[in-house]
Amino acid sequence: MSLEYKDYEDFLIANANNPPPLIREHEAFLLNRITHDLLPDDETGFQTELSYAFASGQMLTTNYTRAKRRNEPGTDDDDTLWEFYIQGDTPLNAALDAQVFVDFSRNRILVDEHRTTVGTVWDWRPGARYNLNADVQFQDIDRKFGTSAFPFNNFYVNLGLNRQTAWSAALVLQRSTDELETGASLSGTTWWWGANLNWQVHPGHNIDLFAGKRRSGLACTGGTCYEVLAFEGVSIRLLNQWF
(Lines give C-alpha, C1' and ligand atoms only; values in the text may rest on other atoms or scores of the structure.)
Protein backbone atom coordinates (compact mmCIF):
# COMPACT_ATOMS: atom_id res chain seq x y z
CA MET A 1 0.00 0.00 0.00
CA SER A 2 1.21 3.50 -0.79
CA LEU A 3 -0.03 6.99 0.05
CA GLU A 4 1.20 10.23 -1.54
CA TYR A 5 0.21 13.83 -0.77
CA LYS A 6 0.93 17.10 -2.59
CA ASP A 7 0.46 20.77 -1.77
CA TYR A 8 1.84 23.10 -4.47
CA GLU A 9 1.82 26.87 -4.09
CA ASP A 10 3.76 29.33 -6.27
CA PHE A 11 5.88 26.41 -7.45
CA LEU A 12 5.90 27.16 -11.18
CA ILE A 13 9.07 28.51 -12.76
CA ALA A 14 8.24 29.19 -16.40
CA ASN A 15 10.06 26.85 -18.81
CA ALA A 16 12.33 25.67 -16.00
CA ASN A 17 10.52 23.07 -13.90
CA ASN A 18 7.87 20.41 -14.42
CA PRO A 19 6.90 18.97 -11.02
CA PRO A 20 5.09 15.60 -10.89
CA PRO A 21 1.28 15.82 -11.02
CA LEU A 22 0.83 13.03 -8.46
CA ILE A 23 -1.87 11.43 -10.60
CA ARG A 24 -1.49 7.72 -11.36
CA GLU A 25 0.57 7.23 -14.50
CA HIS A 26 -1.38 4.66 -16.52
CA GLU A 27 0.02 2.21 -19.02
CA ALA A 28 -3.38 2.05 -20.74
CA PHE A 29 -3.30 4.26 -23.83
CA LEU A 30 -6.74 5.89 -23.47
CA LEU A 31 -6.15 6.69 -19.80
CA ASN A 32 -2.67 8.07 -20.42
CA ARG A 33 -3.66 10.41 -23.28
CA ILE A 34 -6.57 12.06 -21.42
CA THR A 35 -4.74 12.91 -18.26
CA HIS A 36 -4.48 15.67 -15.68
CA ASP A 37 -2.50 18.84 -16.41
CA LEU A 38 -0.98 20.07 -13.15
CA LEU A 39 -1.30 23.66 -11.88
CA PRO A 40 1.79 23.95 -9.63
CA ASP A 41 0.92 27.54 -8.64
CA ASP A 42 -1.92 26.37 -6.39
CA GLU A 43 -3.05 22.73 -6.16
CA THR A 44 -3.44 20.08 -3.47
CA GLY A 45 -4.30 16.40 -3.62
CA PHE A 46 -3.39 12.82 -2.81
CA GLN A 47 -3.39 9.33 -4.22
CA THR A 48 -3.47 5.97 -2.49
CA GLU A 49 -2.80 2.60 -4.07
CA LEU A 50 -3.29 -0.92 -2.74
CA SER A 51 -2.10 -4.08 -4.48
CA TYR A 52 -2.31 -7.72 -3.44
CA ALA A 53 -0.61 -10.77 -4.95
CA PHE A 54 -2.40 -14.10 -4.59
CA ALA A 55 -0.51 -17.35 -4.07
CA SER A 56 -1.87 -18.72 -7.38
CA GLY A 57 -0.26 -15.87 -9.35
CA GLN A 58 -3.12 -13.39 -9.66
CA MET A 59 -2.62 -9.70 -8.85
CA LEU A 60 -5.25 -7.13 -7.84
CA THR A 61 -4.48 -3.38 -7.90
CA THR A 62 -6.73 -0.49 -6.82
CA ASN A 63 -6.00 3.24 -6.88
CA TYR A 64 -7.91 6.33 -5.74
CA THR A 65 -6.74 9.82 -6.72
CA ARG A 66 -8.03 13.28 -5.85
CA ALA A 67 -6.75 16.70 -6.90
CA LYS A 68 -8.09 20.16 -6.01
CA ARG A 69 -7.24 23.34 -7.86
CA ARG A 70 -8.00 26.34 -5.66
CA ASN A 71 -9.46 29.37 -7.45
CA GLU A 72 -9.52 31.67 -4.44
CA PRO A 73 -8.77 30.66 -0.83
CA GLY A 74 -11.93 30.19 1.21
CA THR A 75 -14.36 30.03 -1.73
CA ASP A 76 -16.66 27.12 -2.55
CA ASP A 77 -15.93 27.00 -6.27
CA ASP A 78 -12.72 24.97 -6.07
CA ASP A 79 -12.21 22.69 -9.10
CA THR A 80 -11.65 19.01 -8.33
CA LEU A 81 -10.72 15.77 -10.01
CA TRP A 82 -11.20 12.27 -8.62
CA GLU A 83 -10.44 8.88 -10.15
CA PHE A 84 -10.94 5.27 -9.06
CA TYR A 85 -9.03 2.52 -10.87
CA ILE A 86 -9.06 -1.27 -10.43
CA GLN A 87 -6.97 -3.81 -12.33
CA GLY A 88 -6.75 -7.59 -12.26
CA ASP A 89 -3.92 -9.69 -13.73
CA THR A 90 -3.96 -13.47 -14.01
CA PRO A 91 -1.96 -16.24 -15.71
CA LEU A 92 -4.34 -18.51 -17.63
CA ASN A 93 -1.67 -21.12 -18.36
CA ALA A 94 2.09 -21.31 -18.79
CA ALA A 95 1.98 -19.36 -22.08
CA LEU A 96 -1.03 -17.03 -21.72
CA ASP A 97 -1.57 -14.03 -19.40
CA ALA A 98 -4.60 -11.74 -19.21
CA GLN A 99 -5.32 -8.34 -17.70
CA VAL A 100 -8.64 -6.55 -17.19
CA PHE A 101 -9.14 -3.02 -15.85
CA VAL A 102 -11.92 -0.49 -15.27
CA ASP A 103 -11.58 3.21 -14.44
CA PHE A 104 -14.15 5.77 -13.24
CA SER A 105 -13.40 9.47 -12.94
CA ARG A 106 -14.88 12.94 -12.83
CA ASN A 107 -12.84 15.97 -13.81
CA ARG A 108 -14.18 19.44 -13.00
CA ILE A 109 -10.87 21.19 -13.77
CA LEU A 110 -11.29 23.37 -16.90
CA VAL A 111 -14.20 21.18 -18.06
CA ASP A 112 -16.87 18.98 -16.43
CA GLU A 113 -16.22 15.39 -17.53
CA HIS A 114 -17.53 12.03 -16.38
CA ARG A 115 -15.40 9.21 -17.79
CA THR A 116 -15.67 5.42 -17.77
CA THR A 117 -12.90 3.30 -19.32
CA VAL A 118 -12.64 -0.48 -19.63
CA GLY A 119 -9.90 -2.55 -21.24
CA THR A 120 -8.19 -5.88 -21.50
CA VAL A 121 -4.69 -7.02 -22.50
CA TRP A 122 -3.79 -10.56 -23.57
CA ASP A 123 -0.22 -11.82 -23.94
CA TRP A 124 0.55 -15.18 -25.57
CA ARG A 125 4.01 -16.75 -25.81
CA PRO A 126 3.86 -19.44 -28.54
CA GLY A 127 7.61 -20.03 -28.34
CA ALA A 128 10.59 -19.28 -26.18
CA ARG A 129 11.40 -16.02 -27.98
CA TYR A 130 8.08 -14.86 -29.49
CA ASN A 131 5.18 -12.87 -28.02
CA LEU A 132 1.75 -12.10 -29.43
CA ASN A 133 -0.32 -9.47 -27.64
CA ALA A 134 -3.72 -7.83 -28.04
CA ASP A 135 -4.75 -4.60 -26.29
CA VAL A 136 -8.42 -3.51 -26.55
CA GLN A 137 -9.85 -0.44 -24.74
CA PHE A 138 -13.16 1.46 -24.77
CA GLN A 139 -13.93 4.82 -23.18
CA ASP A 140 -17.26 6.64 -22.72
CA ILE A 141 -17.14 10.34 -21.79
CA ASP A 142 -19.87 12.83 -20.84
CA ARG A 143 -18.41 16.30 -21.30
CA LYS A 144 -20.04 19.66 -20.54
CA PHE A 145 -19.04 23.26 -21.09
CA GLY A 146 -21.57 25.13 -18.97
CA THR A 147 -24.97 23.97 -20.22
CA SER A 148 -23.64 22.59 -23.53
CA ALA A 149 -23.08 18.82 -23.64
CA PHE A 150 -20.63 17.07 -25.98
CA PRO A 151 -20.69 13.31 -25.14
CA PHE A 152 -18.40 10.98 -27.09
CA ASN A 153 -16.57 7.67 -26.93
CA ASN A 154 -13.12 6.35 -27.85
CA PHE A 155 -12.05 2.92 -29.06
CA TYR A 156 -8.48 1.60 -29.26
CA VAL A 157 -6.96 -1.67 -30.55
CA ASN A 158 -3.28 -2.62 -30.67
CA LEU A 159 -2.16 -5.99 -32.10
CA GLY A 160 1.54 -6.77 -31.73
CA LEU A 161 4.12 -9.43 -32.47
CA ASN A 162 7.70 -9.33 -31.24
CA ARG A 163 10.81 -11.47 -31.17
CA GLN A 164 12.81 -10.82 -28.04
CA THR A 165 15.94 -8.65 -28.46
CA ALA A 166 15.42 -8.56 -32.23
CA TRP A 167 12.31 -6.90 -33.71
CA SER A 168 8.66 -6.03 -33.10
CA ALA A 169 5.65 -5.13 -35.25
CA ALA A 170 2.28 -3.64 -34.32
CA LEU A 171 -0.97 -2.52 -35.93
CA VAL A 172 -2.89 0.26 -34.16
CA LEU A 173 -6.49 1.34 -34.77
CA GLN A 174 -8.33 4.18 -33.03
CA ARG A 175 -11.87 5.52 -33.36
CA SER A 176 -13.49 8.57 -31.74
CA THR A 177 -16.87 10.32 -31.98
CA ASP A 178 -15.46 13.51 -30.40
CA GLU A 179 -16.72 16.33 -32.64
CA LEU A 180 -14.30 18.77 -30.98
CA GLU A 181 -11.23 16.69 -31.86
CA THR A 182 -8.66 18.57 -33.92
CA GLY A 183 -9.09 17.39 -37.50
CA ALA A 184 -12.33 15.55 -36.64
CA SER A 185 -14.30 14.09 -39.52
CA LEU A 186 -17.45 15.96 -40.53
CA SER A 187 -19.31 12.63 -40.40
CA GLY A 188 -18.96 12.67 -36.62
CA THR A 189 -16.61 9.67 -36.40
CA THR A 190 -12.84 9.93 -36.84
CA TRP A 191 -10.46 7.01 -37.46
CA TRP A 192 -6.70 6.75 -37.00
CA TRP A 193 -4.66 3.76 -38.12
CA GLY A 194 -0.96 3.03 -38.06
CA ALA A 195 1.71 0.37 -38.42
CA ASN A 196 4.92 0.34 -36.43
CA LEU A 197 8.11 -1.68 -36.99
CA ASN A 198 11.07 -1.69 -34.63
CA TRP A 199 14.43 -3.34 -35.19
CA GLN A 200 17.12 -3.60 -32.53
CA VAL A 201 20.26 -3.40 -34.62
CA HIS A 202 22.48 -3.79 -31.54
CA PRO A 203 21.84 -3.43 -27.81
CA GLY A 204 21.14 0.28 -27.30
CA HIS A 205 20.66 0.97 -31.03
CA ASN A 206 17.14 0.85 -32.52
CA ILE A 207 15.44 1.81 -35.77
CA ASP A 208 11.73 2.62 -35.53
CA LEU A 209 9.47 2.96 -38.61
CA PHE A 210 5.92 4.32 -38.35
CA ALA A 211 3.36 4.71 -41.16
CA GLY A 212 -0.18 6.02 -40.82
CA LYS A 213 -1.95 8.54 -38.58
CA ARG A 214 -1.14 9.41 -34.98
CA ARG A 215 -3.68 11.07 -32.67
CA SER A 216 -2.76 14.16 -30.65
CA GLY A 217 -3.15 14.49 -26.88
CA LEU A 218 -1.33 14.58 -23.56
CA ALA A 219 0.94 11.72 -22.48
CA CYS A 220 2.88 11.14 -19.26
CA THR A 221 6.22 9.37 -18.82
CA GLY A 222 8.30 9.21 -15.66
CA GLY A 223 6.02 11.61 -13.79
CA THR A 224 6.06 14.44 -16.36
CA CYS A 225 3.41 15.19 -19.00
CA TYR A 226 3.86 16.50 -22.53
CA GLU A 227 1.77 17.12 -25.64
CA VAL A 228 1.86 14.52 -28.43
CA LEU A 229 1.33 16.24 -31.79
CA ALA A 230 -0.93 14.83 -34.48
CA PHE A 231 0.91 13.21 -37.39
CA GLU A 232 0.09 11.67 -40.76
CA GLY A 233 2.67 10.07 -43.04
CA VAL A 234 5.82 7.99 -42.63
CA SER A 235 8.52 8.58 -40.01
CA ILE A 236 11.85 6.90 -39.29
CA ARG A 237 13.54 7.30 -35.93
CA LEU A 238 17.04 6.16 -35.05
CA LEU A 239 17.88 5.80 -31.35
CA ASN A 240 21.47 5.36 -30.22
CA GLN A 241 22.15 4.90 -26.52
CA TRP A 242 25.84 4.85 -25.74
CA PHE A 243 25.72 4.55 -21.94
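The values are calculated or read from the model by the stated rules, or taken from the named source; none is laboratory data. These figures come from a predicted structure and were not determined experimentally. Note: ideal-geometry Cβ built from the backbone for every residue, glycine included; neighbour counts use all protein chains shown.
Here are some notes:
- Comparison of 193, 167 shows that the only residue that is closer than 26 Å to residue 237 by Cβ, without any contact (Cβ under 8 Å) to a residue 40 or more places away in the chain and in contact with a Gly (Cβ under 6 Å, 6 or more places away or on another chain) is 193.
- With respect to the stated conditions, residue 121 is under 16 Å from the mean Cα position of the chain (by Cα), modelled with pLDDT of 95 or more, of a type in the set (Val, Ile, Thr) and surrounded by 15 or more Cβ atoms within 10 Å (Cβ to Cβ).
- Within the range 223-243, the set of residues being among the small types (Gly, Ala, Ser) and in contact (Cβ under 8 Å) with a residue 60 or more places away in the chain comprises 223 only.
- Scanning the range 201-243 for residues that are aliphatic (A, V, I, L, M), closer than 27 Å to residue 163 by Cα and under 18 Å from the mean Cα position of the chain (by Cα) yields a single hit, 219.
- All positions within the range 108-118 that are surrounded by fewer than 14 Cβ atoms within 10 Å (Cβ to Cβ) and under 16 Å from the mean Cα position of the chain (by Cα): none
- Neighbours by Cβ (under 6 Å, 6+ apart or cross-chain): first from the range 95-111, in contact (Cβ under 8 Å) with a residue 40 or more places away in the chain and of a type in the set (Asp, Glu); second assigned to a strand (DSSP E or B) and buried (at least 18 other Cβ atoms within 10 Å of the Cβ): 103/85; 103/117
- In the range 124-139, the qualifying residues are those that are over 19 Å from residue 33 (Cβ atoms) and among the aromatic types (Phe, Trp, Tyr), and the one that is surrounded by the most Cβ atoms within 10 Å (Cβ to Cβ) is 124.
- Residue check: residue 144 meets all listed conditions (1) surrounded by fewer than 16 Cβ atoms within 10 Å (Cβ to Cβ); (2) within 30 Å of residue 95 (Cβ to Cβ); (3) touching a strand residue (DSSP E or B) at 6+ places or on another chain (Cβ under 6 Å); (4) not polar (S, T, N, Q) but one, namely (2).
- Pairs where the first residue, in the range 205-217, is among the aliphatic types (A, V, I, L, M) and the second is modelled with pLDDT under 90 and assigned to a strand (DSSP E or B), C-beta under 9 Å, 6+ apart: 207/200; 207/201; 207/239
- Residues within the range 84-107 that are in contact with a Leu (Cβ under 9 Å, 6 or more places away or on another chain) and surrounded by fewer than 17 Cβ atoms within 10 Å (Cβ to Cβ), tallied: 4
- Screening the range 152-235 for strands (runs of 3 or more DSSP E) wholly inside it with 2 or more residues that are more than 17 Å from residue 30 (Cβ to Cβ) and modelled with pLDDT of 85 or more returns the ranges 152-163, 167-176, 190-202, 205-214.
- Odd one out for residue 139 among (1) modelled with pLDDT of 85 or more; (2) polar (S, T, N, Q); (3) touching a Lys or Arg at 6+ places or on another chain (Cβ under 6 Å): (3)
- Matching option when the condition is over 18 Å from the mean Cα position of the chain (by Cα), under 27 Å from residue 142 (Cβ atoms) and surrounded by 15 or more Cβ atoms within 10 Å (Cβ to Cβ), among 177, 182: 177
- Yes/no for residue 99 being in contact with a helix residue (DSSP H, G or I) (Cβ under 9 Å, 6 or more places away or on another chain), of a type outside the set (A, V, I, L, M, F, W, C) and on the phi < 0 side of the Ramachandran plot: no
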